Structure formats: structure tokens, C-alpha cells
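Q: Sharing a structure below in C-alpha cells format, with a few things to ask.
The values are calculated or read from the model by the stated rules, or taken from the named source; none is laboratory data. Predicted, not measured: the structure shown is a model, and the values here were computed from it. Note that each Cβ is placed from the backbone with ideal geometry, even for glycine, and that neighbours are counted across all protein chains shown.
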Amino acid sequence: MKRREFITLVGGAAAASWPLVVRAQQTDPVRRIGVLMTTADDREGQRRLNAFREGLDKRGWTDAKNVRIEVTWSVSNAEAAEAAVKALLGRAPDLILASGTSATSAAHRATAAIPMVFTVVSEPIEQGFVKTLAHPGGNITGFSNLEPSLGGKWIELLKEIAPAVTRVAIIFNPQTAPAAFVTSQSADQAAGKLAIELVRSPIHDVAGIESAIAGLRSQTDGLILLPDTFVNIHRKLVVELASRLRLPAIYPFSYVVAEGGLASYGIDLADSFRQAAVYVDRIFRGEKPADLPVQQPTKFDLAINLRTAKALGLIVSPELLARAEEVIE
């Protein structure tokens, strides 16, 4: 074959194949995921987001390659959520990952067409996001962060780690706390069994947090913090006040223990974001949110801060330490 004929043949083959590549790219565009985060752009927020990215990457979806992840931080109340969802819909995402009830609620009201996966939502049926856990029935599915027995577990843990406690205050903001846990039957049953007076203390602002905690007695009173967006935003204040007033407190998430809280019992939120990536992958591959069951937590981790326990004059039993997944010394 002559050189000129060879070049013509190769060039023709390349030209013939090039439109196929372009067409393949056009039929498989970069997917856009709008992420609404409850947290600020802090260490904990980045930990959750990284878990989501890692989960996607394992399933072939790499940020800035075949998927684009656009994050809005601090979507922690109804007003912020409404503004964030409005801006997000203007960018026409292919899917929304909503963290927290406020973000999920705003997105749910705004669109019934765009697929959505939620995390850190306590009561998806009661909030009207899904029809049932097994059959969500709409454009939304996701991962719940609570289950009914947790209220009693928190009471039992507080009594085990601080046996002198006879009264426990549950501090919550009625606008952001999960209603079922404010009136938790399992918490009432555990309190009755352990002869503990359970006091529900609704608050609406920072001054309310300070007032509620200031009214508690050291040694005999304790605190339980619900997975409440408002209280969580001000968790450092709660940890500081509990330390100053020598009050044992139980938190729903382990990162608060890393910040100085006494103990926590709950799910690893980063893991729920990692699981959310599985549902995103399945939706991108053709499945519908309506057919993907809402997942409830099955694994709960205990974390204990021994430095805080020592500062409060508490002795943590070897048995309790043996059950802990994380111990800060």
C-alpha cells in the first residue's frame, strides 16, 4: 500500500469514528447533583460530603468527570431551605440530595419531578415525604436517622454512666426537633422503670437554651439532646454549659463527643451519606425513587469521652467501655 493511500484510509477511519464518540458523549452527559447540607462547611460537614463522594466513586461516578456535585451549606431552617431550593432548581439538577427535614421539606414542596434522596430525616411518613417506608410512592426516598427505641436507650445510658441522676431534661426546639421523639414512649417507659423524672424543655432561641440548662442541678440532673437541627447548631454552647454546671449529657451523634460531650449513642451520619450514594447510582441507572424503600438505621454506635467523665467526677464501668465503638481518653 502506498503511503498516501494509507494516510487516506486511516484519516477516513478516524473521521468515521469521531461522530460516534461525540454522539456517545451527548447521550451520556455529565449528571448534576444538587446537595443541600444542614451543616456548615466545617469538618463534620466535609466528612459527610466526602463519604458521599467516595460512595459515588466506587460506583463509577466521579465528581468533575461524569457527575457534578453542587453543594449548598447551612440549609438549617425553613427560610434558608426555601432560598437554597429556589436557587438550586434554577440550575436544573438531575437529582437532589437533601440533608435534614427543612431541606427535604422545601424541595418536596418545590418539585415532584426531580428525583430526590434524603438523609438525616427522622419522620419521613409523618412529614408527608413518602407514603410508606416500603413503597415511598413519589419522587423521594432516602435514609432515616432514628428509630423508636432510641429514646429509651438514651435514658438508660445516662443512668448507667451517671447513676446519681434522678431527673433528666430533654431540650429541643419544637420547630426543628422530631415530634415523635419529643413524646417518645420508649423514653417515658425507661424513665418510669429507672425512677427518673423526665422533663421536656422546649426552647426557641439561644437564650432559651441557656435558661433551660441553668435551671438544672448538678449531680442529680442530666441532659438529653435530640437530633434537633437548631440545638445541633448550638451544640458547642450546650457542651460548654453542661461542663460548667457539671451536668452529664447524652448526645445523638459521636462528633459532639469528639468536641467535648460526655457520651453519644446513634448512627454514623457519614455512613448514611455513603449509603445515599448507592441510591443515587441506582436512580441514575434507571430505577425510580418510588420503588426504593426508605431505609431505617440498623447499626448504632456508642462513644464516650473519658476526659469529660473525669471532669464531671464520673467513673465509667469497664463493661460500658467495652461496648463503646469510640473512647476518647
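Q: Filter region 69-98 for residues that are touching a Gly at 6+ places or on another chain (Cβ under 9 Å) and of a type in the set (S, T, N, Q) and give the result.
A: Of everything in region 69-98, those that are touching a Gly at 6+ places or on another chain (Cβ under 9 Å) and of a type in the set (S, T, N, Q) turn out to be Thr72, Ser74, Ser76.
Q: Please verify whether region 149-162 includes one or more residues that are acidic (Asp, Glu) and either at positive phi or outside the structural domain of Leu36 (by TED's automatic domain parsing) (or both).
A: For region 149-162, residues acidic (Asp, Glu) and either at positive phi or outside the structural domain of Leu36 (by TED's automatic domain parsing) (or both): present.
Q: Please work out if Ile96 is in contact (Cβ under 8 Å) with a residue 40 or more places away in the chain, in the same structural domain as Arg217 (by TED's automatic domain parsing) and either in contact with a strand residue (DSSP E or B) (Cβ under 8 Å, 6 or more places away or on another chain) or not in a loop (DSSP other than H, G, I, E, B) (or both). Before you say what the answer is, go through the steps one by one.
A: On the way: in contact (Cβ under 8 Å) with a residue 40 or more places away in the chain: yes; in the same structural domain as Arg217 (by TED's automatic domain parsing): no; either in contact with a strand residue (DSSP E or B) (Cβ under 8 Å, 6 or more places away or on another chain) or not in a loop (DSSP other than H, G, I, E, B) (or both): yes.
So Ile96 fails the test.
Q: Take Ser99 and decide whether it is at pLDDT below 95, among the hydroxyl-bearing types (Ser, Thr, Tyr) and within 19 Å of the chain's Cα centre (by Cα).
A: On the way: at pLDDT below 95: no; among the hydroxyl-bearing types (Ser, Thr, Tyr): yes; within 19 Å of the chain's Cα centre (by Cα): yes.
Taking the combined requirement at face value, the residue does not satisfy it.
Q: Pairs under 8 Å by beta carbon, first residue closer than 22 Å to Arg274 by Cβ in region 102-120, partner basic (Lys, Arg) and part of a loop (DSSP other than H, G, I, E, B), six or more apart or different chains?
A: That search, which allows pairs on different chains as well, returns Pro115/Lys288.
Matching residues to (1) touching a strand residue (DSSP E or B) at 6+ places or on another chain (Cβ under 9 Å); (2) more than 30 Å from Ala242 (Cβ to Cβ):
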{"position": "Ala270", "(1), (2)": "no, no"}
{"position": "Ala290", "(1), (2)": "yes, yes"}
{"position": "Pro293", "(1), (2)": "yes, yes"}
{"position": "Ile328", "(1), (2)": "yes, no"}
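Q: Right, here's the next one. What residue, among those in region 199-221 that are of a type in the set (D, E, K, R) and part of a strand (DSSP E or B), is modelled with the highest pLDDT?
A: Asp221
Q: Please count how many residues of region 142-166 are within 23 Å of Leu216 (Cα to Cα), touching a Phe, Trp or Tyr at 6+ places or on another chain (Cβ under 8 Å) and among the small types (Gly, Ala, Ser).
A: Final tally of qualifying residues: 1.
Q: I'd like to know if region 254-262 contains one or more residues that are out of contact with any Asp or Glu (no Cβ under 7 Å at 6 or more places or on another chain) and of a type in the set (Phe, Trp, Tyr).
A: Taking every residue of region 254-262 in turn, none turns out to be out of contact with any Asp or Glu (no Cβ under 7 Å at 6 or more places or on another chain) and of a type in the set (Phe, Trp, Tyr).
Q: Restricting to region 155-176, count the residues that are touching a Pro at 6+ places or on another chain (Cβ under 8 Å), surrounded by 15 or more Cβ atoms within 10 Å (Cβ to Cβ) and not β-branched (Val, Ile, Thr).
A: The total comes to 4.
Q: Restricting attention to region 59-93, which residues are β-branched (Val, Ile, Thr) and part of a strand (DSSP E or B)?
A: Val67, Ile69, Val71, Thr72
Q: Looking at (1) over 23 Å from Ala177 (Cα atoms); (2) at pLDDT below 95, which one does Asp63 not meet, given that it meets all the others?
A: The one condition Asp63 does not meet is (2).
Q: Still on this structure, I have one more. Take region 201-215 and flag every residue that is touching a residue at least 40 places away in the same chain (Cβ under 8 Å) and either crowded, with 21+ Cβ neighbours inside 10 Å or closer than 23 Å to Thr101 by Cα (or both).
A: Result: Ile213, single match.
Q: Would you confirm whether any residue within region 182-198 is assigned to a strand (DSSP E or B) and closer than 30 Å to Gly55 by Cα?
A: No.
Q: Hey, another quick one. Conditions first: (1) among the charged types (D, E, K, R); (2) within 20 Å of the chain's Cα centre (by Cα); (3) surrounded by 14 or more Cβ atoms within 10 Å (Cβ to Cβ). Arg43 passes all but one, so which condition is the exception?
A: Only one criterion in (1) among the charged types (D, E, K, R); (2) within 20 Å of the chain's Cα centre (by Cα); (3) surrounded by 14 or more Cβ atoms within 10 Å (Cβ to Cβ) is unmet by Arg43, namely (3).
Q: Follow-up. Given the conditions (1) at pLDDT below 95; (2) assigned to a helix (DSSP H, G or I), which single one is not true for Pro227?
A: Unmet condition: (2).
Q: Can you name the residue in region 19-52 that is assigned to a helix (DSSP H, G or I) and among the small types (Gly, Ala, Ser) and, of all such residues, is modelled with the highest pLDDT?
A: Top of the filtered list is Ala51.
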